[in-house]
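Everything below concerns the one structure shown next.
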């Protein structure tokens, strides 16, 4: 089937990236693949299925992200990395999700619900060593972790911290690692078994060997992307996603005529305009209006006027042979030409995370393995490459 707007997901590249990260950290350490925000726009269920045998487990941000994986049959450990609500505890326990604990009140409520339901809760304690976002304050961490280790019904499976500047400030990151290690030593000397210890995000994997500890939590790196600030590219990875749409309308306009809402672009000469089947309703950034570029027939075409909800217009005047149905690449490679995600992010003064996480469910995902399409995910369900739709 032909799609008007789709993302191609290279599962071989994803697997290769995971293996490259594993080689970097060594065989004795685990990988908790960060799969929140629909696997950074790549499709959480399909990503989890494709690399489940290569990782220790998966990191999500919300209860429902965890439930989506469980309902799809994913059996590996799933850690909810953001704070959960007390009202979510029963569903967490019933679906064997691992919860993050950051405070005494939540820990005690968790223990009580374990008693009522007759279930065991797996948990990790997040320790704030400098992120300033969530987690127990370092000065309170020893007491909380000791409490959690003794509460009935709770299995303390790990402790972790998060890096805010591992890509730009190695000295601050090193201090965070030292704080976490000192805490672990205190706890072990007090007879508290903390389980897995983890800290490294993608930037930690690239630039902070001391942060590998028992497990790492790569996100962006696993999907084949780097932050512009990540100059140390000790792990070679390949982009996993390409975003594409099609030319759905062509017209020639004269000098003085305008394009799109607000008439922000007015032609100063005869121009051939192609309308392509993607807009901000698909997750393509509105801020690329008038400044972004796309690839058409292996050449760059400039966006004209404002990006609309469903369509974006581009200048194809100097590109011969453009026809209805032609493939347009919004980011990724087309022939010898390349339009990287990092360039789009730079144009709108953002980060690669926002570009890929913003790609909505309107956009069909086509999954490739060994160069061939193997599965398709659409708004109405998943289908095989042969077009058989499954809504399970």
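So residue 361 clears everything in (1) in a loop (DSSP other than H, G, I, E, B); (2) modelled with pLDDT of 95 or more except one condition, right? Which one?
So residue 361 meets the others, but not (2).
Applying the selection to the range 177-192, what residues are in contact with a helix residue (DSSP H, G or I) (Cβ under 8 Å, 6 or more places away or on another chain) and either at pLDDT below 95 or farther than 23 Å from residue 150 by Cβ (or both)?
Answer for the range 177-192, where residues must be in contact with a helix residue (DSSP H, G or I) (Cβ under 8 Å, 6 or more places away or on another chain) and either at pLDDT below 95 or farther than 23 Å from residue 150 by Cβ (or both): 177, 179.
Could you tell me whether residue 80 is crowded, with 22+ Cβ neighbours inside 10 Å and within 18 Å of the chain's Cα centre (by Cα)?
Yes.
Pick out the one residue from 56, 109, 64 that is under 16 Å from the mean Cα position of the chain (by Cα) and either modelled with pLDDT of 95 or more or surrounded by fewer than 22 Cβ atoms within 10 Å (Cβ to Cβ) (or both).
64
Within the range 307-322, which residues are under 27 Å from the mean Cα position of the chain (by Cα) and surrounded by fewer than 23 Cβ atoms within 10 Å (Cβ to Cβ)?
Answer for the range 307-322, where residues must be under 27 Å from the mean Cα position of the chain (by Cα) and surrounded by fewer than 23 Cβ atoms within 10 Å (Cβ to Cβ): 308, 309, 310, 311.
Would you check which residues across the range 152-168 are in contact with a strand residue (DSSP E or B) (Cβ under 7 Å, 6 or more places away or on another chain), farther than 17 Å from residue 136 by Cα and either buried (at least 17 other Cβ atoms within 10 Å of the Cβ) or not assigned by TED's automatic domain parsing to the domain that holds residue 204 (or both) and list them?
Within the range 152-168, 153, 154 qualify.
Sort through 310, 338 and tell me the only one that's at pLDDT 95 or above and assigned to a strand (DSSP E or B).
Answer to the check: 338.
Filter the range 276-294 down to residues that are part of a strand (DSSP E or B) and crowded, with 23+ Cβ neighbours inside 10 Å, then give me how many there are.
2
Go through (1) surrounded by 15 or more Cβ atoms within 10 Å (Cβ to Cβ); (2) out of contact with any helix residue (DSSP H, G or I) (no Cβ under 7 Å at 6 or more places or on another chain); (3) modelled with pLDDT under 95 and name the single condition residue 390 misses.
All conditions pass for residue 390, except number (1).
May I ask you to list the residues in the range 375-387 that are outside any loop (DSSP other than H, G, I, E, B) and surrounded by fewer than 16 Cβ atoms within 10 Å (Cβ to Cβ)?
Hits for the range 375-387 are 381, 384.
Test residue 149 against the criterion of being crowded, with 18+ Cβ neighbours inside 10 Å and within 17 Å of residue 32 (Cβ to Cβ), and give yes or no.
no
Criterion first (modelled with pLDDT of 95 or more, assigned by TED's automatic domain parsing to the domain that holds residue 122 and farther than 24 Å from residue 356 by Cβ) does residue 171 satisfy it?
When the stated conditions are applied, residue 171 passes them.
Could you list, in sequence order, the residues of the range 351-366 that are loosely packed, with under 15 Cβ neighbours inside 10 Å and closer than 22 Å to residue 298 by Cα?
Listed by number, the list is empty, since nothing qualifies.
Please enumerate the residues belonging to the range 223-246 that are surrounded by 22 or more Cβ atoms within 10 Å (Cβ to Cβ) and in contact with a strand residue (DSSP E or B) (Cβ under 6 Å, 6 or more places away or on another chain).
If the condition is that a residue be surrounded by 22 or more Cβ atoms within 10 Å (Cβ to Cβ) and in contact with a strand residue (DSSP E or B) (Cβ under 6 Å, 6 or more places away or on another chain), then 240, 241, 243, 244, 245 are the ones that fit.
Inside the range 327-350, can you point out the residues that are surrounded by 18 or more Cβ atoms within 10 Å (Cβ to Cβ) and farther than 17 Å from residue 307 by Cα?
Listed by number, the residues that qualify are 332, 334, 339, 341.
For the range 115-143, which residues satisfy the criterion of being surrounded by fewer than 17 Cβ atoms within 10 Å (Cβ to Cβ), touching a residue at least 40 places away in the same chain (Cβ under 8 Å) and farther than 30 Å from residue 169 by Cα?
Within the range 115-143, none qualify.
For the range 65-96, give me each residue that is farther than 16 Å from residue 34 by Cα and touching a strand residue (DSSP E or B) at 6+ places or on another chain (Cβ under 7 Å).
Hits for the range 65-96 are 84, 92, 93.
The values are calculated or read from the model by the stated rules, or taken from the named source; none is laboratory data. Model, not experiment: these values are computed from the prediction. As a convention, Cβ positions derive from the backbone with ideal geometry for all residues, glycine included, and neighbour counts pool all protein chains shown.
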